[in-house]
1. Can you name the residue in the range 16-30 that is touching a helix residue (DSSP H, G or I) at 6+ places or on another chain (Cβ under 8 Å) and open to solvent by less than 30 Å² (accessible area, probe 1.4 Å) and, of all such residues, is modelled with the lowest pLDDT?
2. Among the helices (runs of 4 or more DSSP H) contained in the range 161-280, which hold 3 or more residues that are within 20 Å of Leu137 (Cβ to Cβ)?
3. Return yes when Glu107 is out of contact with any strand residue (DSSP E or B) (no Cβ under 9 Å at 6 or more places or on another chain), within 9 Å of the ligand (Cβ to nearest atom) and open to solvent by 20 Å² or more (accessible area, probe 1.4 Å) and no when it is not.
4. Only residues that are hydrophobic (A, V, I, L, M, F, W, C) and open to solvent by 20 Å² or more (accessible area, probe 1.4 Å): list them for the range 246-272, please.
5. Is it the case that some residue within the range 163-177 is without any contact (Cβ under 8 Å) to a residue 12 or more places away in the chain, surrounded by 15 or more Cβ atoms within 10 Å (Cβ to Cβ) and farther than 23 Å from Leu32 by Cα?
6. Go through the range 106-136 and report how many residues are of a type in the set (A, V, I, L, M), free of Cβ contacts under 8 Å to residues at least 60 places away in the same chain and over 23 Å from Phe30 (Cβ atoms).
7. Does the range 42-81 hold any residues that are within 14 Å of the ligand (Cβ to nearest atom), among the basic types (Lys, Arg) and open to solvent by 10 Å² or more (accessible area, probe 1.4 Å), and which are they?
8. Which condition from (1) within 12 Å of the ligand (Cβ to nearest atom); (2) under 23 Å from Pro197 (Cβ atoms) is the one that Leu87 breaks?
Amino acid sequence: MSIAGDGLPPLREVIGDHGLSARKSLGQNFLLDLNLTAKIARQAGDLTDCDVLEIGPGPGGLTRGLLAEGARHVVAIEKDERCLAALADVADHYPGRLTVLSGDALEIDPMEYLTAPVRVVANLPYNVGTELLVRWLTPDQWPPYWISLTLMFQKEVAQRITAECGSKAYGRLSILAQWRCQVRMAMQIPPEAFTPPPKVTSAVVHLERREKPLYDADAKVLERVVAKAFGQRRKMLRASLKGLVPDIENVLLSVGIKPTDRAENLTVEQFCALARAVATR
Ligand code: SAM
């Protein structure tokens, strides 16, 4: 048996020994290079005084990167039970520093296992990545329990999160993310870095929460307005927002937005003003 830099077997061996053939249905593309996973972990900032929530640890590549970089405690939620034995070996190697929760991240509440400050770091399964991001960004109470999100997505999704007003990628995710966080494209990762390689390039985005959102708005109302506006992004707002509230043209005019504008040209500030006006109807 060979040993990697962190004293555990290399990930290729872990995958072979535990029969972890990748399953497409679970969005499984594994990172095997521990130098790369440590680099991703460093994008999250200093982890030594933080708990880290990781979604989808798989065979443990990023988990090992996080622990090697000094994370105080990692709480990892994994749906694939085949990975649990491999993760138990990592937990034994770092006593008291890794808690693995078996199940679906959309259903498990990890709060009781986490102690503030908490950073979320994950190579997200593509099928639940956006849903999780929107949930993290739209709790009723702000600031949330986490101080940052460092997340790997398909590059196209990462571009949507960081896109500027007026650009092609600007949309629902840009507004929800930038309203409450400072966002930064941290690094890009080519398909060859994964086993098996996905079809597209991936990218890591880092979101640092703002203590106070940029502008007042109710998160659920803003989410509804933005989703409807971008549901038909090529249409004028008076058409795309039709039915949201009665007399949408006058609501738009009351906050200084032209009903003939399109969603991609509205700033975060304008969307928040619109959400406030909609909330009063
Ligand atoms: N973190 C590992 C890495 O970087 O090599 C694996 C990342 S892989 C892209 C996504 C992981 O998420 C897989 O291990 C998969 O089993 C897991 N997963 C998929 N859906 C999940 C869900 N709903 N809840 C928790 N884990 C999930």
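1. The qualifying residue modelled with the lowest pLDDT is Gly27.
2. Working: elements: 172-180, 219-231, 237-240, 248-254, 268-279.
In the range 161-280, the matching helices (runs of 4 or more DSSP H) lie at 172-180, 219-231, 268-279.
3. Values: out of contact with any strand residue (DSSP E or B) (no Cβ under 9 Å at 6 or more places or on another chain): yes; within 9 Å of the ligand (Cβ to nearest atom): yes; open to solvent by 20 Å² or more (accessible area, probe 1.4 Å): yes.
Yes; evaluated as a whole, the condition is true for this residue.
4. Residues of the range 246-272 that are hydrophobic (A, V, I, L, M, F, W, C), as a first pass: 248, 251-253, 255, 257, 263, 266, 268, 271-272.
Hits for the range 246-272 are Leu253, Val255.
5. yes
6. Selection size over the range 106-136: 1.
7. Lys79
8. (2)
The values are calculated or read from the model by the stated rules, or taken from the named source; none is laboratory data. Keep in mind it's a predicted model, so treat the numbers as computed, not measured. FYI the Cβ positions are ideal-geometry reconstructions off the backbone, even for glycines, and counts take in every protein chain you see. Only protein heavy atoms, including side chains, enter the accessible area calculation; ligands, DNA and RNA are left aside. Shrake-Rupley method; radii C 1.70, N 1.55, O 1.52, S 1.80 Å.
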